[in-house]
Amino acid sequence: MIKLNLEILRRKSPEDTPHWESYEFSSQDENINLAAALTELNRTLAEPVRWECSCLQKKCGACAMIIENRPRLACDTPLKEFRDKIRIEPLRKFPVIADLIVDRSILFENLKTMQVWFAEEAKTNGSQTAYEASRCLQCGCCLEICPNFFAGGEFAGMAAMVPTTRLLTALPDQQKKELFRAYRKHIYEGCGKSLACREVCPAGIEIDQLLVRSNAVAVWKRKIKHDK
Amino acid sequence: MQKVIIIGAGLAGLSASVTLAEHGVPCALISLQNSERAQSVLAEGGINAALNTMGENDTVQNHYQDTVKGGVYLADPNAVQNLTYHAPEIVRWLEQLGVPFNMTESDIMLRNFGGQKKKRTAYARSSTGKIIMTALIDEVRKYEVSGLVQRFPHHRFIRLRIADQVCQGVSIQDDYTGEILDFSGTVLLCSGGMNGIFPGMTTGTTQNSGDVTATVFRQGVKLGNLEMLQYHPTTIGISGKRCLVTEAARGEGGRLYIMRNGQKWHFMEEKYPELKNLMPRDVVAREMYFVRRELGGEVFLDMTGLPEITWQKKLSDLRQEIMHYLSSDPRTNPIPVREGIHYFMGGIDTDEFHRTNLENLYAAGECTCQYHGANRLGGNSMLGALYGGRKAAESILQNPAEIRESKTNSEQEKFIPASPVLIQEISQILLSGLGIVRNQKTLETALEKLKQLSCQRTYHFYEQNRLLLAEAMLASALERRESRGAHYREDYPEKNEDFRKTTIAEYAEQIRISFREIPEKRADA
Ligand SMILES: Cc1cc2nc3c(=O)[nH]c(=O)nc-3n(C[C@H](O)[C@H](O)[C@H](O)COP(=O)(O)OP(=O)(O)OC[C@H]3O[C@@H](n4cnc5c(N)ncnc54)[C@H](O)[C@@H]3O)c2cc1C
Ligand code: SF4
Ligand code: SF4
Ligand code: FES
């Protein structure tokens with residue numbers, strides 16, 4: 001039996017002053033995760049907690065939030081990890097819309113600024129690096145933890161590095177100059193390589209390895225090797 | 001040409017937007033959340049195309065045959081012919097967008113999938129949907145920057161705007177601000193399956209609430225084959241949902257068994273010596289149901305015989321997932337599995353050009369009842385969504401409609417979600433009637449309960465729509481007095497040629513169920 005308090009930082013709108021609310025929660029399901037708990041809690045509330053979810057199996061990044069001071073996915077957070085209480089807040093680096101919902105559009109804007117797409121046909125030929133780089137959820141956890149990232153700054157963080165790496169495995173010549181320039185400016189020059197991001201990435205993406213490979217290509221003009 | 005309005009940014013919506021953009025036609029791409037969160041990212045096992053790269057003499061004709069046979073001859077043969085003919089082209093296109101499919105020494109590798117005798121399923125380990133979506137999202141981004149695709153994430157479909165029996169556009173709501181926006185133009189619905197009708201019981205996403213289908217039904221759009229729910233044979237219960245164990249597990253050699261007299265009984269292998277564990281999903285799910293009913297206990301999926309290289313190169317993600325959720329290593333332990341609702345073969349009724357019965361309204365992807373008939377083959381739905389989105393866009397390009405800026409009826413009412421209590425009540429009633437095995441009595445009882453529920457309280461517009469959709473689902477299942485594909489009636493266990501027709505549900509004051517002939521296959525198709 002699970003029994004604890006869900007402490008949630010709530011606000012109705014972006015203008016509203018945030019305040020903590022505490023809800024007693026219990027469940028017979030020992031394996032219940034925070035996403036299922038929020039769904040159950042909401043059934044009992046006149047003003048349900050607003051939050052985003054979709055897949056409920058850590059594959060879409062929708063439910064990222066701060067859980068006990070760490071960016072995590074609610075659907076990948078079993079309640080049995082906690083005793084007595086669990087503190088839940090919206091991600092702090094993005095504008096809050098209401099309760100636990102934040103506007104993460106900066107992630108997508110950064111990818112547009114960096115022109116993350118193939119300008120012409122490009123085959124990645126089963127590249128393992130391209131596969132790994134295609135797995136990013138755009139959840140924003142890596143940006144949340146990163147000391148160097150803030151919305152509106154030049155540094156786009158690992159949420160931009162990872163998708164860019166897919167391009168680097170098969171980049172057409174005509175795109176090289178522009179993308180390498182963007183890579184240096186928005187990724188390479190901003191990153192202090194502490195790899196706090198690697199620890200929190202809920203998809204377990206091998207950020208460190210991708211970063212080494214991408215730097216080699218975009219900054220040092222080498223080729224990605226041993227990629228099958 | 002006027003801007004096209006696309007509701008939904010999964011595989012179908014993205015594919016349509018790229019096709020329009022390639023022809024220089026702008027679109028508004030509207031979705032509840034960003035594409036990264038659409039159900040399409042969950043697809044695991046792969047996408048079908050007769051690429052014939054494995055030396056098995058596979059042909060487009062084989063793919064066509066397997067698809068219509070798998071769907072037990074309810075699918076439109078001309079539409080399926082187009083789908084299967086263009087499948088290799090679609091997969092090659094994805095390859096050129098940089099999708100890192102698993103490869104043989106020289107070409108795209110194909111794996112076995114249910115209901116197909118040849119290797120025909122292209123894949124990227126066991127995260128094929130995610131990997132394809134990433135490439136497609138990047139491609140769409142190019143057109144976002146050039147201005148041809150205008151995205152509206154966090155926007156919700158409210159209702160169609162209809163005048164003179166022509167679709168004039170849509171009303172949508174910004175879920176962040178609550179603001180209502182009206183759009184005029186041709187509308188393409190790509191809003192996915194109806195998971196939200198069965199909360200917690202499906203393998204899909206909570207985002208596809210079923211509200212779009214329910215609302216357009218209320219507004220007069222016809223729905224087809226609503227009784228055809230696909231139960232996937234191998235799912236596991238996790239917190240809040242059913243989690244899929246991909247069919248690739250069996251494609252790569254996984255075996256199903258149940259304990260009988262202390263021995264493992266590989267019932268699928270004994271009963272179906274040709275396709276064994278890879279019979280179409282409806283057959284496997286039903287057999288599992290029957291052996292469990294007979295013997296009690298659980299059915300197990302045994303993957304302990306798979307070679308290490310398969311785990312590493314092909315099913316690494318699956319193994320991690322099972323270890324995560326069951327704390328058990330499938331390399332050494334068989335896992336207990338049950339059937340779970342996985343796909344909606346039924347939905348918005350369209351012709352092979354993806355037109356609905358309402359002029360100027362089109363639909364593609366899982367929200368439609370196109371391509372899969374009474375049972376969808378694994379690997380055919382990503383194909384159906386990608387090809388369907390493209391085909392719908394081409395139809396729109398061929399029939400440009402200029403919609404005058406019609407004045408809104410200005411019912412600026414906001415969306416109100418159905419109460420969770422009502423959603424649960426409806427879902428329980430539906431499950432009691434629409435299980436793997438059905439009969440007249442349980443269906444009639446379910447319909448009766450639903451009618452009582454409808455009279456019990458007063459409901460708002462969106463709740464009423466759900467009640468109507470639920471009634472249409474049960475009524476469709478009741479009227480189909482035969483067994484075919486996913487629809488199994490204990491009281492009519494045989495297939496009946498008289499019912500080789502599409503079940504059509506329509507609403508005008510009340511619900512009417514009828515049956516429509518399947519089109520003849522054209523010689524030129
Ligand atoms: C676990 C799992 C595994 C699968 N594996 C495979 C596989 O291996 N091979 C295969 O072929 N198929 C597979 N499928 C099926 C396949 O993934 C789907 O059928 C397909 O991706 C559907 O694509 P779609 O574009 O039609 O819909 P979706 O991807 O579901 O997109 C629907 C879109 O509509 C939007 N939307 C919904 N409601 C609203 C609303 N009210 N207002 C505004 N927007 C709305 C959503 O935001 C979303 O953008 C799998 C499915 C699941 C769940
Ligand atoms: S390595 Fe450090 S600085 Fe670089 S992105 Fe990760 S957290 Fe930020
Ligand atoms: S790299 Fe990891 S943490 Fe960062 S956005 Fe992608 S999935 Fe999330
Ligand atoms: S709901 Fe998709 S990651 Fe949690």
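The values are calculated or read from the model by the stated rules, or taken from the named source; none is laboratory data. A quick note: this is a predicted structure, and the numbers were derived from the prediction, not measured. Neighbour counts run over all protein chains shown; Cβ positions are idealised from the backbone, glycine included. Each accessible area value is taken on the protein alone, full model and side chains, heavy atoms only, with ligands, DNA and RNA left out. Shrake-Rupley method; radii C 1.70, N 1.55, O 1.52, S 1.80 Å.
Carbon and sulfur together cover what percent of the accessible area of chain A at a 1.4 Å probe radius? Ligands and nucleic acids excluded, carbon and sulfur give 46 percent. Between the beta carbons of A:Glu109 and B:Glu448, assuming R0 = 41 Å, the FRET efficiency works out to 0.15 to the nearest 0.05.
To the nearest ten degrees, helix A:207-218 and the longest principal axis of the Cα atoms of chain A are 30 degrees apart. Among A:Glu189, A:Glu121, A:Glu40, the largest mean-square fluctuation in a Gaussian network model of chain A (Cα springs under 10 Å) belongs to A:Glu121. I want to make sure I understand the PRE zone here: with the label point 7 angstrom from the Cα of B:Ser432 toward its beta carbon, which residues in the stretch B:453-469 have backbone N atoms less than 11 Å away? It comes to B:453, nothing else. DSSP assigns beta bridges within the protein assembly as shown; of those with both partners inside it, close to 75 percent run antiparallel. Across A:Ser13, A:Ser134, the residue with the most accessible area heads the list, and the full order at a 1.4 Å probe is A:Ser13, A:Ser134. Summed over both chains, the accessible area lost when B and A associate is about 4000 Å², using a 1.4 Å probe.
Shape class of the protein assembly as shown from the Cα gyration tensor (axes a ≥ b ≥ c, square roots of the eigenvalues): rounded, since a/c falls below 1.5. Note on the stretch B:7-59: with neighbouring protein chains present and a 1.4 Å probe, carbon and sulfur make up 44 percent of its accessible heavy-atom surface. Interface residues of the stretch B:37-60, defined as a loss of at least 50 Å² in heavy-atom accessible area between the chain alone and the complex of all protein chains with a 1.4 Å probe, are B:Arg37, B:Leu42.
Largest to smallest in accessible area, the residues B:Thr186, B:Thr53 fall in the order B:Thr53, B:Thr186 (1.4 Å probe, all protein chains included). The accessible-area loss of the stretch A:145-168 on complex formation, taken against its chain alone with a 1.4 Å probe, reaches 30 Å² or more at A:Arg166. With a simple spin-label model that places each label point 7 Å from the Cα along the Cα-to-Cβ direction, the separation between B:Ile511 and B:Ala401 comes to 2.7 nm. Each listed q (0.18 Å⁻¹) maps to a log10 I(q)/I(0) for chain A, found by the Debye formula over equal Cα scatterers with no solvent: -1.23. Summary value for chain A: 18 percent relative contact order, contacts being C-alpha pairs under 8 angstrom separated by 6+ residues. Computed with a 1.4 Å probe over protein heavy atoms only, the accessible area of B:Asp491 comes to about 60 Å². I need the calculated FRET efficiency for the pair B:Arg457 and B:Gln150, taking r as the beta carbon distance and R₀ as 41 Å, to the nearest 0.05. About 0.50, to the nearest 0.05.
Which is the longest stretch in chain B that no exposed loop site breaks, taking sites as GluC sites (Glu not before Pro) with a DSSP loop state and at most 15 other Cβ atoms within 10 Å? For GluC sites (Glu not before Pro) (loop position, at most 15 other Cβ atoms within 10 Å), the longest site-free span of chain B is B:299-401. For the stretch B:234-340, the normalised intensity computed at q = 0.20, 0.21 Å⁻¹ comes to -1.09, -1.19 (log10 of I(q)/I(0), Debye sum over alpha carbons, equal scatterers, no solvent). Rounded to the nearest 10 degrees, the inclination of helix A:158-168 to the longest alpha-carbon principal axis of chain A is 30 degrees. Bridge orientation summary for chain B: considering DSSP beta bridges with both residues in this region, about 75 percent are antiparallel. If you take the Cα centroid of the stretch B:439-498 and the Cα centroid of the stretch B:137-200, the two points sit 29 Å apart.
Model label points for A:Asn69 and A:Gln28, set 7 angstrom from Cα along the Cα-to-Cβ axis, are 3.7 nm apart. Counting only DSSP beta bridges whose two residues both lie in the stretch B:1-128, roughly 55 percent are antiparallel.
Summing charges over all other residues whose Cβ lies under 9 Å from the Cβ of A:Ile88, with Lys and Arg as +1 and Asp and Glu as -1, gives -2. The residues of the stretch A:1-125 have, on average, 45 Å² of accessible surface per residue, using a 1.4 Å probe with all protein chains present.
Panel note: contact residues of the stretch A:45-63 (accessible area lowered by at least 10 Å² against the chain on its own; 1.4 Å probe) correspond to A:Arg50, A:Glu52, A:Cys53, A:Ser54, A:Cys55, A:Leu56, A:Gln57, A:Lys58, A:Lys59, A:Cys60, A:Ala62. Per-residue surface analysis assigns B:Lys391 an accessible area of about 30 Å², computed on protein heavy atoms at 1.4 Å probe radius. Measuring with a 1.4 angstrom probe and ignoring ligands and nucleic acids, B:His324 comes out at about 80 Å² accessible.
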